[in-house]
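Peer 1: Take a look at this one; I'll ask things after.
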Amino acid sequence: MSPQSLFSAKAAVHRNGVNACGFALLFIGSSLVTPASESISSTGDVFRQFTRHIQQQIEHDKQAFSRASGCTKWFYKQEKKPAPSSPVQRIGRMPANLTQTEDECRRQYPGGIDAVREDFAKTQTFLSLSLTFYEFALVGDRDDDGLYSGGELQDMFHVLTLSYDAAHSPTVQAEALTNRFDTWYRARNLESLMNSMGRLYERGYRVTSADRAELDRVMK
């Protein structure tokens, strides 16, 4: 799918009132140069800590979305209505076929179809947000070497409106990134995340084939 199509898909979902999003903006342009005094060894572990933190949230969100999806289908079947489909196709590709029993669904959603419909939208939103943040983290590793260089890390902090100090340890830097993720995730702050993606775009970052392969892997 072309960059324009992916961006249009995101915009269409947003216009439809669903706080979900797709996963790709392609990033073209120039990037900050890594200062010679900043070695990869001083920043490399930040990538692993940051992406691992997001992956843990993705796994939780996948399970929550699958449960909500299964019970949504069950309740709509009782009403003899077609269940709503996910407006984000790549999320829809995930296994969401848990067999939900009447007891399980009625216990989880005593409010019935209205409650499950609300939870379906909420869990889809959170899953979309965590997956999009994971894409952002992958894109920040511009050369796909599994590390953030000093320049990449400085760019990441800048577009996330965080204060960057090369003297800080990898643990402190990773905590700053994960705290930003946690704060925006809880607030469902898709707008700020997409603005940050756009600023990476301006600095020349892009979604690579390796990024897409990794996104497909975590969605399985």
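Peer 1: Could you tell me the calculated FRET efficiency between residue 108 and residue 212, based on Cβ-Cβ distance and R0 = 35 angstrom, to the nearest 0.05?
Peer 2: Values: r = 34 Å, r/R0 = 0.97.
Result of the calculation: an efficiency of 0.55.
Peer 1: Let's see if you can work this out: charge +1 on each Lys and Arg Cβ, -1 on each Asp and Glu Cβ, no other charges. What is the dipole magnitude of region 163-220 about its Cα centre, in debye to the nearest 20? Provide the component values of the computation, followed by the final result.
Peer 2: Details: 9 positive and 8 negative charges, 42 e Å.
With Lys and Arg at +1 and Asp and Glu at -1, about 200 debye.
Peer 1: Could you derive backbone 3J(HN,Hα) for region 59-70 from the dihedral phi with the Karplus parameters 6.51, -1.76 and 1.60 (θ = phi - 60°), listing whole Hz in sequence and x where the residue is Gly or Pro?
Peer 2: 4, 4, 5, 4, 5, 5, 5, 5, 5, 5, 5, x
Peer 1: What's the local net charge at residue 109, with K and R +1, D and E -1, over the other residues with C-beta under 15 Å away? Walk me through the intermediate numbers first.
Peer 2: Working: positive: 67, 73, 77, 106, 107, 117, 122; negative: 79, 102, 103, 104, 114, 118, 119.
Its environment carries a net charge of 0.
Peer 1: Separate question: Taking amide H positions as placed in the peptide plane 1.01 Å from N, state which residues far from residue 164 in sequence (5 or more) or on other chains have amide H under 5 Å from it.
Peer 2: The answer is none.
Peer 1: Moving on to the next point. Pop a pseudo-label 7 angstrom from the Cα along the beta-carbon direction at both residue 76 and residue 101 and give the gap in nm to one decimal.
Peer 2: Placing both labels 7 Å beyond Cα along the Cβ direction yields 2.4 nm.
Peer 1: Arrange 175, 102 by Cβ neighbour counts within 10 Å, fewest through most, would you?
Peer 2: On the way: 175 16, 102 11.
Ascending Cβ contact count within 10 Å gives the list 102, 175.
Peer 1: On to the next question. Using a Förster radius of 30 Å, what is the FRET efficiency between residue 145 and residue 188 based on their Cβ-Cβ separation? Nearest 0.05, please.
Peer 2: Numbers: r = 32 Å, r/R0 = 1.06.
So, using R0 = 30 Å, E works out to roughly 0.40.
Read the figures in this text as sums done on the coordinates, not as results from a lab. Source: prediction; values computed, not measured. Note that each Cβ is placed from the backbone with ideal geometry, even for glycine, and that neighbours are counted across all protein chains shown.
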